[in-house]
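All remarks here apply to the structure that follows.
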Amino acid sequence: MNIDQFLRQSLNTALVELYHIKQPPDTLVLQPTRKEFEGTHTFVTFPYAKKAGKSPQELGESLGQYLEQHFPEVKSYQVVKGFLNITFQDRVWLDKFRLICDSEHWGKEASNGKTAVVEISSPNTNKPLHLGHMRNIFLGFSTSNILEAAGFQVKKVCIVNDRGIHICKSMVAYKNFGEGSTPESTQTKGDHFVGRYYVKFDQVYKEQIGDLIAQGLEKDQAKLQAPILKEAQSLLKKWEDQDPDTIALWEQMNQWVYSGFDQTYQTMEVGFDKVYYESNTYVLGKDIVNVGLETGVFLKKEDQSVWVDLTDEGLDEKLILRGDGTSVYMTQDLGTADLRFEDFNFDTSIYVVGNEQDYHFKVLFKILERLGRPYAKGLYHLSYGMVDLPSGKMKSREGTVVDADQIMEEMIDTAEKHTLELGKIEGLSEQEAQALYKTLGLGALKYFLTKVDPKKRMMFNPEESIAFQGDTGPFIQYTYARISAILRKGQALALDSIDPVLPKSLHPSEGSLIHLLNEYPHKITTAAKEYAPSVIAQYVYELAKEYNRFYAEVSIFNESSDDLKSFRVQLSKQVARTINMAMSLLGINVPERM
RNA sequence: GGACCCGUAGCAUAACUGGAUAGUGCACCUGACUACGAAUCAGGAGGUUAGGGGUUCGAAUCCCUUCGGGUCCA
């Protein structure tokens, strides 16, 4: 039984015995004890004081006394202003430590037989990936890893937005200004190559609007009349009519983009189980509309457009299909939801999509529920805030974005500079050194993007970039490398016994380390339940910090007793193991030295 | 016109979902390497949790309201 449960049951017994208060154990209010007080677990007595007819202070005292007398696991207690703080015997922690050492599957739940689908990234094929995508991607992959550790089978999918007017804009600009150049001929990464023409389109478009206004047109009219826009629209029409030349160009340009994306994904160390293309899925959903009309979930208006009325839920009426029979995003998303369920028969499906789509997903899920889809209750929108720059919002058309490839490169360069300054990696080959810089640079980036609550907008300052000190990826990586050095030495001294003699008592920092280690499985559960990588990030930071404190407070190899030395080596080893696992849940590697 | 999200020291963030004196990092000041790795550790300073009102043993958290920032729907 875990300590939490044990304490809940014991408190339950005490409340019944002393005050005849029957309170289900799992409803008792427990919380971690604050650092400045003795103990690890705190029971909040206020809610029960009235029923017991005692002051919170008295109630705490009596309960504490009861626990101390009846349960040998409880070492001592302390009541501060109605908060009952409980300290367990060192033996309890040592038993836990033994279990952790012996458990081969530590930090990995057994399969729960359920499948989760996670939709990640969903890029457009007209421009390179930027910082916003990175937040999406790292959040999505980390969430996937966490769900896997919590026992799910996870499928990572990506929907590529490869059709529509935005692609045609790049195509038009390329036709007019490309002069037959290619990524190869210009030595440019494919996605950047295509993105350039998207920006070019916008430049020309703006010039043309300016010219038209100068000729006396209203601004709104000018926006509609600009020749290059009309050209893009006619190209979209041609694409829909399957014009061979247009299709060929479209395929060619998309191919360039994909090869660029692949390279970026490789640097990020991510990959997908299945990729959907919108050019295939945008026709889906129309059948669903017909069925929905028959069953009365949808209604048809005079202009033949199809709507759903959600006003009784506090939402609006929402367009499902246009009067001319063409799709809107909602039509398509209904179709892909069904398709995805056919493909994976999932229990949970998570959409990692920015919070500007909060309303859209609320409506989508509601409609699927009304359509009686069996999977509807397993849908979840993992919504995240925008990434802001000091200069304001990122706008790809205006080129004010932080490019993913560029930022990764800069981070890796910074890591290299930093590492060379510190000069601690003698003996690494050039190849190992390069791998290390990547590990550190990407570690800093991934940690930065996953440690924050996804809901919040976040600020990214490219000038100050991302630090390597304090609450950062490299701080944790450093702790791991530090422990690795200890383990190497422990091995050399033959102190790395798998079955060390456990000490009779614990140094306080040893106790808190074991307590923290013991928390890890709970953190996975919480993180999986809430789809919150930040839970893991915060945990692993706390663990690394606690280890560094331990490291400063006690010595390992200067102890006189071999038993104690090997115990501390073993403790270090378990910390390293846990850091490694937690970091890999965030998609971050840890180095043996740095 | 309607709806949703956000506001915590100079900056960036946390608070176990209503619990203790609101934690932590950066930056700033002070100390610790002739000791297992100083990308570290120990300490200091910095807060009317945007403002006001309410709910209660207790509010950053829930309700009302004002202000500021952002988003969506037609």
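Taken together, the residues in the stretch A:546-556 that are open to solvent by 40 Å² or more (accessible area, probe 1.4 Å), near RNA strand B (Cβ under 6 Å from one of its atoms) and in contact (Cβ under 8 Å) with a residue 40 or more places away in the chain amount to 2. Here residue A:71 fulfils each of the conditions (1) open to solvent by less than 30 Å² (accessible area, probe 1.4 Å); (2) under 25 Å from residue A:91 (Cβ atoms); (3) more than 10 Å from RNA strand B (Cβ to nearest atom); (4) hydrophobic (A, V, I, L, M, F, W, C) apart from (1).
Regarding the stretch A:33-46, can at least one residue be identified that is of a type in the set (Phe, Trp, Tyr) and touching a strand residue (DSSP E or B) at 6+ places or on another chain (Cβ under 8 Å)? Within the stretch A:33-46, one or more residues are of a type in the set (Phe, Trp, Tyr) and touching a strand residue (DSSP E or B) at 6+ places or on another chain (Cβ under 8 Å). Working only within the stretch A:90-133, note down all residues that are surrounded by 21 or more Cβ atoms within 10 Å (Cβ to Cβ) and in a loop (DSSP other than H, G, I, E, B). Listed by number, the residues that qualify are A:120, A:121, A:123, A:125, A:126, A:127, A:128, A:129. Among residues of the stretch A:481-495 that are under 12 Å from residue A:565 (Cβ atoms) and near RNA strand B (Cβ under 8 Å from one of its atoms), those with a beta-carbon under 9 Å from a residue that is open to solvent by less than 60 Å² (accessible area, probe 1.4 Å) and not in a helix (DSSP H, G or I) at least six positions away or on a different chain give the pairs A:486/A:556; A:486/A:557; A:489/A:495; A:489/A:556; A:489/A:557. Just one of (1) more than 7 Å from RNA strand B (Cβ to nearest atom); (2) over 30 Å from residue A:132 (Cα atoms); (3) open to solvent by less than 40 Å² (accessible area, probe 1.4 Å); (4) β-branched (Val, Ile, Thr) fails for residue A:498. It is (3). Residue A:442 meets all of the listed conditions (1) near RNA strand B (Cβ under 6 Å from one of its atoms); (2) of a type in the set (A, V, I, L, M, F, W, C); (3) not in a loop (DSSP other than H, G, I, E, B) but one, namely (1).
Given the structure, is residue A:273 in contact with a Lys or Arg (Cβ under 7 Å, 6 or more places away or on another chain) and either open to solvent by 90 Å² or more (accessible area, probe 1.4 Å) or acidic (Asp, Glu) (or both)? Walk me through it before giving the result.
On the way: in contact with a Lys or Arg (Cβ under 7 Å, 6 or more places away or on another chain): yes; either open to solvent by 90 Å² or more (accessible area, probe 1.4 Å) or acidic (Asp, Glu) (or both): yes.
The answer is yes for residue A:273.
Residues being at positive phi, open to solvent by less than 10 Å² (accessible area, probe 1.4 Å) and at pLDDT below 95 are entirely absent from the stretch A:143-161.
Count of the stretch A:246-299 residues, restricted to those that are closer than 18 Å to residue A:325 by Cα and in contact with a Pro (Cβ under 7 Å, 6 or more places away or on another chain), is 0.
For the condition open to solvent by less than 60 Å² (accessible area, probe 1.4 Å), touching a strand residue (DSSP E or B) at 6+ places or on another chain (Cβ under 9 Å), of a type outside the set (S, T, N, Q) and in a helix (DSSP H, G or I), what is the one hit in A:261, A:193? A:261 is the lone residue from the list that is open to solvent by less than 60 Å² (accessible area, probe 1.4 Å), touching a strand residue (DSSP E or B) at 6+ places or on another chain (Cβ under 9 Å), of a type outside the set (S, T, N, Q) and in a helix (DSSP H, G or I). Within the stretch A:437-477, how many residues turn out to be open to solvent by less than 40 Å² (accessible area, probe 1.4 Å), within 15 Å of the chain's Cα centre (by Cα) and not hydrophobic (A, V, I, L, M, F, W, C)? Count: 6.
Given the options A:510, A:542, name the one that is under 26 Å from residue A:32 (Cα atoms) and either open to solvent by less than 50 Å² (accessible area, probe 1.4 Å) or in the same structural domain as residue A:35 (by TED's automatic domain parsing) (or both).
Values: A:542 fails: either open to solvent by less than 50 Å² (accessible area, probe 1.4 Å) or in the same structural domain as residue A:35 (by TED's automatic domain parsing) (or both).
Testing whether each residue is under 26 Å from residue A:32 (Cα atoms) and either open to solvent by less than 50 Å² (accessible area, probe 1.4 Å) or in the same structural domain as residue A:35 (by TED's automatic domain parsing) (or both) leaves just A:510.
Condition test on residue A:532, is it farther than 16 Å from residue A:481 by Cβ, more than 9 Å from RNA strand B (Cβ to nearest atom), buried (at least 21 other Cβ atoms within 10 Å of the Cβ) and of a type in the set (A, V, I, L, M, F, W, C)? Answer is no for this residue.
The values are calculated or read from the model by the stated rules, or taken from the named source; none is laboratory data. Note that the structure is predicted; figures quoted are calculated from it, not measured. FYI the Cβ positions are ideal-geometry reconstructions off the backbone, even for glycines, and counts take in every protein chain you see. Just so you know, the surface numbers come from the protein's heavy atoms only, side chains and all, with ligands and any DNA or RNA stripped out. Shrake-Rupley method; radii C 1.70, N 1.55, O 1.52, S 1.80 Å.
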